[in-house]
Amino acid sequence: MTFLHSKESIRLPGILYLLLAVTGFFSSFSLNSFSISQFDLWIPYLDNHQYFFTAGLLSYASMIMVWLLLAWNFYNRFRQVDRTTSGLLLLFVIVGAGMEFTILMLKSVPLIMISMKDIIATELFSSWMKWAHFLFIMAGKVHKVINLFYALWLFPLSYLYYQWTEKKKISVILSAALMICAMGYLCDFFLFYLFPDSVTIEITDFTFIGEVVLLIWLLIKGQKTLTGSKNIERD
């Protein structure tokens, strides 16, 4: 009997996770800077930073696409371990991405209104922009719901990664870190609805490190060694 070793690359999901982190951070940073509640201050700020606003929207759209690609990659990789749990992971991401896309559309309304500025009467434009401002601020609040799906996809991901790596010591640490990160998203989701006006800090500001650790490990590790056996007849 001879043992055979092959390599299965895991660097692609690491690269996708990195892209997810970069596009997610930039879109959050850029679009959150426009969350100005006073309409009179919001309008000139938007006019002066249109390109920054557009870049934030494009980054947001990219993040959604990368999230779907990452989930699909994980599904194809983990379905041999547990097809049902892998399917749940993919389902949670599809639903979450659908909600993200809806929020993206709401946040894009101000840009659409600005592009129509020259063909709309001034008074009507001002009225429509107030609605666009309302939709943008509301979309930021609704986005808190997405924390639930961020948590729901990390729970099966932590379990599947633990099983896929054949329960090695490092996988215990990574899976536990992902579970803590998922709990952070879940806490933020419930805290927002229980104390919408009093919560000023997010738990995930501290627990997000779990995803960062997995991202770094996937990029550094790069591949998984698969060991099998084969009978060889000898003369």
Restricting to lysines 8 or more places apart or on different chains, can you count the pairs in the chain with Cα atoms under 15 Å from each other? 11
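Using just the helices of the chain, give the 222 nm mean residue ellipticity in deg cm²/dmol: DSSP H runs with n ≥ 4 each add -39,500 (n - 2.57), and the total is spread over all residues, rounded to 500. Mind showing how you got there, number by number?
Numbers: 9 runs with 177 residues, N = 235.
Calculated at 222 nm, the ellipticity per residue is -26000 deg cm²/dmol.
So how do 67-79, 200-212 stack up, highest first, on mean other-Cβ count within 10 Å? Mind dumping the intermediate values first?
Numbers: 67-79: 18.7, 200-212: 15.7.
Those peptides, ordered most packed to least, come out 67-79, 200-212.
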Taking the Cβ of H143 as the center, what net charge do the other residues with Cβ under 10 Å away carry, scoring Lys and Arg +1 and Asp and Glu -1? +2
For labels at I15 and A61 in the simple 7 Å Cα→Cβ model, what's the distance in nm? 2.3 nm
What dipole magnitude, in Debye to the nearest 20, does the range 45-145 give about its Cα centre under +1 on Lys/Arg Cβ and -1 on Asp/Glu Cβ? 380 debye
In nm, give the distance between the simple-model label positions of V145 and S37, each being 7 Å from the Cα along the Cα-to-Cβ direction. 2.2 nm
Dipole moment magnitude, nearest 20 debye, the range 2-230 about Cα centre, only Lys, Arg, Asp, Glu C-beta charged: 1220 debye
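Sort V81, V172, V66 so the one with the fewest other Cβ atoms within 10 Å of its own Cβ comes first. Before the final figure, lay out the partial values.
Numbers: V81 16, V172 12, V66 21.
In increasing order of surrounding Cβ atoms, one gets V172, V81, V66.
Going by how many other beta carbons lie within 10 Å of each one, how would you line up I170, I15, fewest first?
On the way: I170 10, I15 15.
Listed from fewest to most nearby Cβ atoms, that is I170, I15.
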Can you give the alpha-carbon Rg of the chain over 2.2 N^0.38 Å, where N counts its residues? 1.26
Cα-based Debye curve of the range 137-196 sampled at q = 0.16 Å⁻¹ gives log₁₀ I(q)/I(0) of -0.54
Share, in percent, of DSSP beta bridges within the chain that are antiparallel, nearest 5: 100 percent
The residues C181, C187, sorted from fewest to most surrounding Cβ atoms within 10 Å, come out as C187, C181
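Would you work out the relative contact order for the chain, in percent, from Cα pairs under 8 angstrom that are 6 or more residues apart? Display every interim value, and only then the final one.
Values: 269 pairs, mean separation 74.7, N = 235.
Over the chain, the number comes to 32 percent.
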Farthest positive-ward along the chain dipole, Cα basis, beta-carbon charges - from L18, Y193, L41: L18
What distance in nm lies between label points placed 7 Å from Cα along the C-beta direction at I201 and L219? 2.8 nm
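Quick note: the coordinates plus some simple rules give every number you see, no bench work behind them. Please read these numbers as outputs of a predicted model, since none were measured by experiment. Note that each Cβ is placed from the backbone with ideal geometry, even for glycine, and that neighbours are counted across all protein chains shown.
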